[in-house]
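Peer 1: Take a look at the following structure, please.
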Amino acid sequence: MRSLTLPNATVPFSNVVNDLGVKLDSQLTMADHVAALSRSCFFYMRQLRAIKQALTPEVIRTLIHVFISSRLDYCNSILAGVSSQLLQKLQVVQNAAARLVTVESASVYTTPVLCELHWLPIRRQITFKTAVLAYMITFCSAT
């Protein structure tokens, strides 16, 4: 059955739906969401790289936060439990953003760069956000 028939309309099923900016596929693998998020972030990084010479380092860092970090952080708790392969794709995005901010080459190991910027790696960001949400539900729901 590929559609839902109602008295006044026939509604076709979709393999991917977009809900509040999160792409949910029929198997809940989150692969479509990660792919779209990666494409979007790399698009903005290409745009920023083109105008980087005209910007101060503080402005570049702010724009990376606005266009990249905020996208990686938005609803990332739904990525808890996804495959390491998908999380690695997002880590590549974060590493590229860190290199753009710090003007490091692609051959530089990124863990010290992330520490210098005070950025948690993607897997730890997801764990942290999930823990914060659990804390808020547990201890702040009474108020």
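Peer 1: At PHE43 and LEU28, where each label point lies 7 Å from the Cα along Cα→Cβ, what is the point-to-point distance in nanometres?
Peer 2: A separation of 2.8 nm, rounded to one decimal place.
Peer 1: Taking amide H atoms as placed 1.01 Å from N in the peptide plane, list the residues 5 or more away in sequence, or in a different chain, whose amide H sits under 5 Å from that of VAL22.
Peer 2: Under 5 Å from the amide H of VAL22 lies no amide H from a residue far enough along the sequence or on another chain.
Peer 1: Size of the dipole of the chain about the Cα centre, Lys and Arg at +1 and Asp and Glu at -1 on the beta carbon, nothing else charged, in debye to 20?
Peer 2: The dipole of the chain has a size of about 240 debye.
Peer 1: Separate question: Determine the calculated [θ] at 222 nm for the chain from helices alone, applying -39500 (n - 2.57) to every DSSP H run no shorter than 4 residues and normalising by the residue count; nearest 500 deg cm²/dmol. It would help to have the intermediate numbers written out before the result.
Peer 2: Details: 6 runs with 78 residues, N = 143.
Here the helix-only value at 222 nm equals -17500 deg cm²/dmol.
Peer 1: In addition: How many nm is it between the label spots at SER105 and CYS140, if each spot is 7 Å from the Cα in line with the beta carbon?
Peer 2: 4.5 nm
Peer 1: Taking 0.36 nm per intervening residue step and subtracting the Cα-Cα distance, what contour gain separates VAL17 from GLN53 on full extension?
Peer 2: 9.1 nm
Peer 1: Between THR56, THR110, THR130, which gets the highest mean-square fluctuation from a Gaussian network model of the chain, Cα cutoff 10 Å?
Peer 2: Among THR56, THR110, THR130, the largest GNM mean-square fluctuation belongs to THR56.
Peer 1: Just to be sure I understand the model, the point goes 7 Å from the Cα along the line to the Cβ. What's the resulting SER84 to PHE128 distance in nm?
Peer 2: 2.2 nm
Peer 1: I'd like the distance between the alpha-carbon centres of segment 83-143 and segment 2-51, rounded to an integer number of Å.
Peer 2: Segment 83-143 and segment 2-51 have Cα centres spaced 22 Å from each other.
Taken together, the values in this text are just the output of simple stated rules run on the coordinates, not laboratory data. Please read all numbers here as calculations on a predicted model, not as lab measurements. No Cβ is skipped: glycine too gets one built from the backbone with ideal geometry, and neighbour counts run over all protein chains shown.
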